[in-house]
1. Looking at the range 1-18, which of its residues are in a helix (DSSP H, G or I) and of a type outside the set (A, V, I, L, M)?
2. For the range 1-56, name all the residues that are closer than 19 Å to Ser112 by Cα and basic (Lys, Arg).
3. Quick check on the range 109-128. Is at least one of its residues small (Gly, Ala, Ser) and touching a residue at least 24 places away in the same chain (Cβ under 8 Å)?
4. Condition check: touching a Gly at 6+ places or on another chain (Cβ under 8 Å) and free of Cβ contacts under 8 Å to residues at least 60 places away in the same chain. Does Glu18 satisfy that?
Amino acid sequence: MRLIEGLAEYERLGDEVEATAARIRRHGFGRRRYFEALLARRGRTTVGFALYFFTYSTFAGRPTLYLEDLFVLPVERGRGAGRALLRALARIAVRRGCGRMEWTVLDWNAPSIRFYRRLGARLRREWILTRLSGAALRRLARRTPRSL
């Protein structure tokens, strides 16, 4: 939770954190797992994490490893933890037959954008993240389907 809260603070979204340790345990380690995660440690101290899951590319006809969150404590940045997490994710993606790895980055996060570009990642600015949540999500779920 400390790392999740650190990520939210860095992304200027601290007031949007609804996660709890119980939810994380249930969704990541319960009967139905919605995500997997890697931790980066320096000695006995956890300094970063990567939370990911798999989607499917209909065009590629292969799975995609989707990186939901990557975070390294500010005092640890530039010391290799982020690169190590991404390398481990790339190995998982290759081992599981993924055609690609994808993630989003905030447009103002210049240090991360530079880091990702140095790794060879391409930013896809023509794609717009679309999100339905809260009341709008519940409203759509309640609507009665019309016949085709």
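1. Passing the criteria: Arg2, Glu5, Gly6, Glu9, Tyr10, Gly14, Asp15, Glu16.
2. The answer is Arg12, and nothing else.
3. No: the range 109-128 contains no residue that is small (Gly, Ala, Ser) and touching a residue at least 24 places away in the same chain (Cβ under 8 Å).
4. Values: touching a Gly at 6+ places or on another chain (Cβ under 8 Å): no; free of Cβ contacts under 8 Å to residues at least 60 places away in the same chain: yes.
Criteria not met by Glu18.
Throughout, read-outs are computed from the coordinates displayed, never taken from laboratory work. Keep in mind it's a predicted model, so treat the numbers as computed, not measured. Neighbour counts are summed over all protein chains in view; Cβ atoms, including those assigned to glycine, are modelled from backbone coordinates with ideal geometry.
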